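Below: the structure, in structure tokens.
The values are calculated or read from the model by the stated rules, or taken from the named source; none is laboratory data. What you see is a predicted model; the values in this text were computed from it and never measured. All Cβ positions, glycine included, derive from the backbone under ideal geometry; neighbour counts span all protein chains shown. Please note that ligands, DNA and RNA were not included when accessible areas were found on the heavy atoms of the full protein model with its side chains. Shrake-Rupley method; radii C 1.70, N 1.55, O 1.52, S 1.80 Å.
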Amino acid sequence: MIGKYYLQGDFYYTSDQNYLAFAEYDLAIRLSTIPIAAYYNNRGNVYHTLGLYREAVDDYTQAVQISGGN
């Protein structure tokens, strides 16, 4: 169920609809019962595209921590 928000975010991101992509990734993060690194990574990509670099670094850091640094 939550994966649909992630996939919709991917669609919006590749369609250059960054604010819609952000909303979908953010929803996936908030609804997920366990943290998923890809959700944070992709939301970080949106932040980066929008020039919100501090937020992008925060999400990328979260993604690395979730994945165990791999």
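Odds and ends about this structure:
- On the stretch given as the range 50-67, residues that are more than 22 Å from LYS4 (Cβ to Cβ) and open to solvent by 60 Å² or more (accessible area, probe 1.4 Å) total 10.
- Scanning the range 1-25 for residues that are open to solvent by 30 Å² or more (accessible area, probe 1.4 Å), in a helix (DSSP H, G or I) and hydrophobic (A, V, I, L, M, F, W, C) gives LEU7, PHE11, LEU20, PHE22, ALA23.
- Residues being under 9 Å from ILE66 (Cβ atoms) and of a type outside the set (Val, Ile, Thr) - total across the range 24-37: 2
- Any hit, the range 26-36, residues being in a helix (DSSP H, G or I), without any contact (Cβ under 8 Å) to a residue 24 or more places away in the chain, under 12 Å from the mean Cα position of the chain (by Cα) and surrounded by fewer than 14 Cβ atoms within 10 Å (Cβ to Cβ): yes
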